[in-house]
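Below is one structure, written out as structure tokens, with a few remarks after it.
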């Protein structure tokens, strides 16, 4: 269920975007609209985090996933380097 305040800001941001989208040159209104959009996005994320907070274990799991992905990428690079070295060594025999 969407918070009415968030809904208001979404409608406001959409209206501002439509209003300033006709301009070719970025003027003060468009700059203000972009700042409002950024603020709404940050507020929405903060509200979502408050409503549905990530627990300590979920955050730890994400960190482990990122680490595993990094290890996989590193291992693939090492495998490629070793394969290249073996092929180069065999060519010089």
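Things to note:
- Sorting the segments 33-42, 80-89 by their residues' average number of neighbouring beta-carbon atoms within 10 angstrom, most packed first, yields 33-42, 80-89.
- Residue 26/residue 56 FRET efficiency (R0 30 Å; Cβ-Cβ; nearest 0.05): 0.10
- In this rough spin-label picture, where each label sits 7 Å from Cα along the Cβ direction, the residue 38-residue 64 distance is 3.7 nm.
Bear in mind these aren't lab numbers, they're just calculated from the coordinates by the rules spelled out. Being a predicted model, the structure only gives us computed values, none of them experimental. Note: ideal-geometry Cβ built from the backbone for every residue, glycine included; neighbour counts use all protein chains shown.
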